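Asker: Take this structure, written in structure tokens, and hold onto it; I'll ask about it next.
Just so it is clear, none of the values below were taken in a lab; they were calculated from the coordinates. Quantities reported herein were computed from a predicted structural model and do not represent experimental measurements. Virtual Cβ from ideal backbone geometry, glycine too; neighbours counted across all protein chains shown.
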Amino acid sequence: MSESSKKMSFKEMMDRAVYVAALASNDTEKNQIENLLEVINERPENSEAVIYFLIFLMRQAERKLISPKKVADEIICVCKELNNDAKKLKEFLGMFKWSYEIIKELKREDSVKVDAEKFKSGGFDHLKEMFLNPEKYFERTRANSGRIKK
């Protein structure tokens, strides 16, 4: 098996979904993520469904509805790493949506920005840490951004 066709493990897919959710959590509305799931679910599970999905994703990113553009870039890379497997993409998008919802609920305030880069290497483990102790995480984030005065 060549390196490019190496399968993405479940943990790798979950970590990437969390990272992409963290990227999206600052500037993308929840309905846009739901739209992505709708589009992939409209078609039979084949590579054409993935192409259809990617066209929609790129359109939404260009319209700045999926933001930052890096969200779309990361999803496109995941599709490639999943060998355009529609079933696996649906799993990824489900984890992406749930992670997004968790992050949005934990941060509670839109003025609080999530540092997505912290999720790049930590993925699910970082999300779990945030879930178990959100006050500590967001106090530190808010204090560092000058939003909360002690």
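Asker: Calculate the spin-label point distance for Phe131 paired with Lys30, positioning each point 7 Å from the Cα along the beta-carbon direction, and give it in nanometres.
Answerer: So the two model labels end up 1.7 nm from each other.
Asker: Report, to the nearest 10°, how far helix 117-132 tilts away from the longest principal axis of the Cα atoms in the chain, using its own Cα long axis and a range of 0 to 90°.
Answerer: 60
Asker: Still on this structure: Of the chain, which part is the longest with no GluC sites (Glu not before Pro) in a loop (DSSP not H, G, I, E, B) and with at most 11 other C-beta atoms within 10 angstrom?
Answerer: Longest run free of exposed loop sites: 43-108.
Asker: Rounded to a whole number of µm²/s, how large is the Stokes-Einstein D of the range 9-145 at 25 °C and 0.890 mPa s, given Rh as the Kirkwood radius over C-alpha pairs?
Answerer: In µm²/s, the coefficient is 163.
Asker: Something else about it: So for the range 9-145, averaging the separation of alpha carbon pairs under 8 Å that are six or more residues apart and normalising by length, what relative contact order in percent results?
Answerer: Normalised by residue count, the contact order of the range 9-145 is 39 percent.
Asker: Mind grabbing the base-10 log of I(q)/I(0) for the range 79-131 at q = 0.15, 0.16, 0.18 Å⁻¹? Debye formula, identical points on the C-alpha positions, no solvent, two decimal places.
Answerer: -0.51, -0.57, -0.69
Asker: On to the next question. Angle check, please: helix 134-145 long axis (alpha carbons) against the longest principal axis of the chain (alpha carbons), in degrees 0 to 90, nearest 10.
Answerer: Its long axis makes an angle of about 80 degrees.
Asker: How large is the translational diffusion coefficient of the range 1-89 in µm² per second when you combine the Kirkwood radius over alpha carbon pairs with Stokes-Einstein at 20 °C and 1.002 mPa s?
Answerer: Answer from the Stokes-Einstein relation: 160 µm²/s.
Asker: Something else: First check a/c for the range 43-88, with a ≥ b ≥ c the square roots of the eigenvalues of its C-alpha gyration tensor; if it is under 1.5, answer rounded, and if not, answer prolate when a/b is larger than b/c or oblate otherwise.
Answerer: Cα axes put the range 43-88 in the oblate bin.
Asker: Once every DSSP H run of n ≥ 4 in the chain is given -39500 (n - 2.57) and the sum is divided by its residues, what mean residue ellipticity at 222 nm do you get, rounded to the nearest 500 deg cm²/dmol?
Answerer: Calculated from helices alone, the mean residue ellipticity at 222 nm is -23000 deg cm²/dmol.
Asker: If I stretch the segment between Met58 and Glu105 completely, what's the gain in nm (0.36 nm per residue apart, minus their alpha carbon distance), one decimal?
Answerer: Between Met58 and Glu105, full extension yields 14.3 nm more.
Asker: Treating the beta-carbon of each Lys and Arg as +1 and of each Asp and Glu as -1, no other charges, what is the dipole magnitude of the range 9-145 about its Cα centre, to the nearest 20 debye?
Answerer: 220
Asker: Find, among the trypsin sites (Lys or Arg not before Pro) in the range 6-40, those assigned to loop by DSSP (not H, G, I, E, B) with at most 12 other beta-carbon atoms within 10 angstrom.
Answerer: Passing both the DSSP loop test and the Cβ count: Lys6.
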